[in-house]
1. Only one of LEU42, LEU107 is modelled with pLDDT of 90 or more and assigned to a loop (DSSP other than H, G, I, E, B); which?
2. State whether one or more residues within the stretch 82-90 are over 30 Å from SER193 (Cβ atoms), within 18 Å of the chain's Cα centre (by Cα) and surrounded by fewer than 13 Cβ atoms within 10 Å (Cβ to Cβ).
3. Out of ARG9, ARG35, which single residue is open to solvent by 60 Å² or more (accessible area, probe 1.4 Å), of a type outside the set (Gly, Ala, Ser), under 25 Å from VAL199 (Cβ atoms) and in contact with a Gly (Cβ under 9 Å, 6 or more places away or on another chain)?
4. Please enumerate the residues belonging to the stretch 199-222 that are within 24 Å of PHE173 (Cβ to Cβ), free of Cβ contacts under 8 Å to residues at least 60 places away in the same chain and surrounded by fewer than 18 Cβ atoms within 10 Å (Cβ to Cβ).
5. Of a type in the set (D, E, K, R), free of Cβ contacts under 8 Å to residues at least 24 places away in the same chain and farther than 15 Å from ALA177 by Cα: which single residue out of ARG76, ARG130, ARG69 fits that description?
6. For MET129, all conditions in the list (1) more than 19 Å from THR196 (Cβ to Cβ); (2) in contact with a Ser or Thr (Cβ under 9 Å, 6 or more places away or on another chain); (3) surrounded by fewer than 19 Cβ atoms within 10 Å (Cβ to Cβ) hold save one; what is the number of the exception?
7. Consider ALA116 carefully, then state whether it is touching a residue at least 12 places away in the same chain (Cβ under 8 Å), within 24 Å of LEU197 (Cα to Cα) and surrounded by 12 or more Cβ atoms within 10 Å (Cβ to Cβ).
8. Look at LEU225 and say whether it is surrounded by fewer than 13 Cβ atoms within 10 Å (Cβ to Cβ) and under 26 Å from ASN3 (Cβ atoms).
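The values are calculated or read from the model by the stated rules, or taken from the named source; none is laboratory data. This one's a predicted model, so the numbers in the text were calculated from it and none came from an experiment. Reconstructed Cβ throughout: ideal geometry from the backbone, glycine too, with neighbour counts over all protein chains shown. For accessibility, only protein heavy atoms count, side chains too; no ligands or nucleic acids. Shrake-Rupley method; radii C 1.70, N 1.55, O 1.52, S 1.80 Å.
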Amino acid sequence: MINTAFKPRSEAMTATPRFWPSAPTLHNFDVALNRTGFWTNLTNSLLVVSVTVVISIVLGMFAAAAMTRFRFSGRRTVMVAILVAQMLPGTALLVPTFLVFNEAGLLGTYTGLVLAYLALVLPFSIWVMRGFFLTVPVEVEEAARIDGASTWQVLWRILFPLVLPGVIASSVFAFIAAWNDYLIAYTFMKEQSQYTLPVWLASFTNPAQGTDYSAQMAGSVVFSLPVVAFFLLIQRKLVSGMSAGAVKG
């Protein structure tokens with residue numbers, strides 16, 4: 001991808017492929033960054049993905065805490081339903097989701113797109129964080145309550161630091177799933193100005209003129225940078241969160 005991004009278009013389409021570009025150029029990046037809709041679609045992606053990650057983490061943590069720390073009727077049924085929802089492929093749910101969102105007037109709105117992404121990533125987030133909550137000894141929570149901590153204080157100051165690796169893992173999955181999605185964004189959004197970056201990448205394919213692979217690969221490099229930056233930003237917290245689960249005897 002990176003090699004092709006620096007190749008002239010004519011060299012990228014030669015009959016005899018070359019691994020290294022003979023004349024590296026930044027022209028493809030200029031073409032990609034100045035292509036119609038790039039900055040608008042980039043803003044759409046950042047907005048939708050950020051909201052999806054935050055909401056999925058908050059709801060997933062509350063749901064996982066409820067599933068592991070409270071006893072209520074139907075808890076096992078709810079967990080089985082969450083697991084079944086996680087097993088279903090997203091494409092199988094696309095048509096019924098589209099019909100429901102159409103009836104609710106959510107097509108062509110960022111709210112509808114965020115809700116569709118939440119339906120995709122929330123079951124996984126709940127399941128992963130549930131596993132981390134189960135590893136936290138109940139005695140830690142009981143000790144905090146004896147010291148006078150409220151339910152919110154126990155959740156935020158005691159449980160949250162201990163399940164931080166699960167929160168980070170869930171956020172990574174939610175970010176990548178929402179950032180890479182093409183099908184939902186293309187199906188649910190009505191105008192080009194509402195599309196996200198994966199849909200923008202598909203615009204390099206032109207049936208009449210062919211695909212500009214060099215510019216498309218340059219766009220793909222730019223598209224990958226936020227994912228790399230997000231991982232570099234959280235990797236230290238992921239490692240520190242793992243060690244935060246240690247309990248002194």
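1. On the way: LEU42 fails: assigned to a loop (DSSP other than H, G, I, E, B).
Answer to the check: LEU107.
2. yes
3. ARG35
4. Scanning the stretch 199-222 gives a single hit, ALA202.
5. It is ARG76.
6. It fails just one condition, (3).
7. Considered against the rule, which asks whether it is touching a residue at least 12 places away in the same chain (Cβ under 8 Å), within 24 Å of LEU197 (Cα to Cα) and surrounded by 12 or more Cβ atoms within 10 Å (Cβ to Cβ), ALA116 comes out as yes.
8. Values: surrounded by fewer than 13 Cβ atoms within 10 Å (Cβ to Cβ): yes; under 26 Å from ASN3 (Cβ atoms): yes.
For LEU225, the condition - surrounded by fewer than 13 Cβ atoms within 10 Å (Cβ to Cβ) and under 26 Å from ASN3 (Cβ atoms) - is met.
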